[in-house]
Structures are given as C-alpha cells and as structure tokens.
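Visitor: My questions will all concern the structure given below.
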Amino acid sequence: LMAGTDQSADETVLLVIELKKRDRPHLLVSNVAANTFSNDIPLNPSLFGPANGAHLAQYTAANQAVLALSPDAGTVHGAAPLIALVDLSTGAMSQFSGFNNGFFHSGFVNGLAVDPITGIAATTTELNSQVEFYDLNAQSGIAAVQLPCTTNTDQIHSGSNIAVDPVNSLFPFTEYLHCDG
C-alpha cells in the first residue's frame with residue numbers, strides 16, 4: 001500500500017495490490033477524513049505489479065496520480081524508467097520514458113516526489129546515483145543530476161527516499177554519502 005503525500009488535498013490516491021487475486025494493482029481515490037470513496041482505477045498487473053517497484057505521488061493541481069517504475073525490474077543495462085500519469089476522475093493514462101543515464105543505466109526507481117502545484121517531479125535511481133527532474137505538464141525530462149562525491153556507477157551511494165517542500169521548491173532526499181578529502 002502506498003498513499004499520495006499531498007497533505008493539503010481533500011482526496012488522496014492509494015496504490016493497492018490484491019495479493020490473493022493474482023497481484024492486481026489498483027488506484028483508489030478517497031477522502032479519508034470524510035470516509036468517502038470516489039474511484040477505483042485498475043492498473044495493468046504486468047506493468048504495475050510488485051516486480052517493477054512502482055512508486056506513487058500525487059499531482060493535485062492536475063488531479064493526477066503519478067507513478068514511476070522500472071519496466072524491466074531494474075535490470076543492469078535495462079530499459080529507462082517509466083513515468084505514468086493517471087487522471088483520477090476518468091482513469092485515462094499517459095506515460096513517458098525517464099532518464100536512463102550511466103554505464104549500467106538507471107536500474108530501479110528508488111523514490112518519487114511531485115510538487116503538487118507546479119507538476120515538477122523528482123526521482124532517485126539505483127544504479128547511477130542520480131536525481132532526475134521532470135516536467136509532468138510537458139511530459140519530459142528537465143535534468144539528471146549526479147549526486148555529490150559519486151560517479152554514475154556508484155550504486156551503493158544512490159539516493160533513496162525523496163520528498164517535496166512545495167513552499168520552498170525543494171526536493172530533500174536521503175543518501176549514504178562518504179566524501180574523501
């Protein structure tokens with residue numbers, strides 16, 4: 001179970017997987033405080049199932065769920081991460097490929113955060129120790145940034161959890177970092 005993290009939104013999106021029913025993933029849209037439920041959006045289990053490590057965020061201004069995942073289970077020299085946008089009213093989906101930099105490519109998406117107002121998203125990836133930024137409105141990449149004191153093959157120093165501070169337009173993240181000198 002994952003939940004959208006925009007605490008200012010009335011409705012929250014949840015990513016759930018029915019484990020006893022062949023790992024079928026769904027997005028559930030709910031106003032938890034009011035105890036109401038507005039939508040159940042089934043997702044493709046071969047793409048959004050547990051093996052691909054989907055991460056969930058919420059782009060509230062556009063009424064969209066944002067999912068970032070590794071379509072080939074994060075294999076070395078594998079496919080680029082996939083960013084999917086799901087309309088929370090209709091279930092309509094669009095998607096685009098993320099950055100896939102580095103000698104081993106990006107590997108698994110380790111974290112995802114979305115500014116709920118501007119639609120700027122940030123991901124951290126496993127194999128290349130980078131943070132990637134995306135414009136969800138344009139459905140395109142902005143920049144991939146190498147983490148300090150790393151190279152694009154420093155898997156052990158990859159960023160993991162990432163969050164958003166929409167007031168200050170910051171994306172803080174956690175990383176195991178050791179700089180020599």
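The values are calculated or read from the model by the stated rules, or taken from the named source; none is laboratory data. Because the structure is predicted, anything quoted here is derived from the model rather than measured. Every residue, glycine among them, receives a Cβ derived from its backbone with ideal geometry; neighbour counts consider all protein chains shown. Note: accessible area is taken over every heavy atom of the protein model, side chains too, but ligands, DNA and RNA are not part of it. Shrake-Rupley method; radii C 1.70, N 1.55, O 1.52, S 1.80 Å.
Visitor: Could you please state how large a percent of the accessible area of region 1-105 is carbon and sulfur, counting protein chains only and using a 1.4 Å probe?
Guide: Heavy-atom surface of region 1-105 belonging to carbon and sulfur, 1.4 Å probe: 54 percent.
Visitor: Could you tell me the accessible area of Tyr59 in Å² (1.4 Å probe, neighbours in place), rounded to the nearest ten?
Guide: Counting only protein heavy atoms, the figure is 10 Å².
Visitor: Give me the dipole magnitude in Debye, nearest 20, for the chain about the Cα centre, with unit charges on the beta carbon: positive for Lys and Arg, negative for Asp and Glu.
Guide: Charge dipole of the chain: 500 debye, to the nearest 20.
Visitor: Whole number in Å², please: accessible area per residue of region 37-99, 1.4 Å probe, ligands, DNA and RNA not counted. Before the final figure, lay out the partial values.
Guide: Details: 2450 Å² over 63 residues.
Result: 39 Å² per residue.
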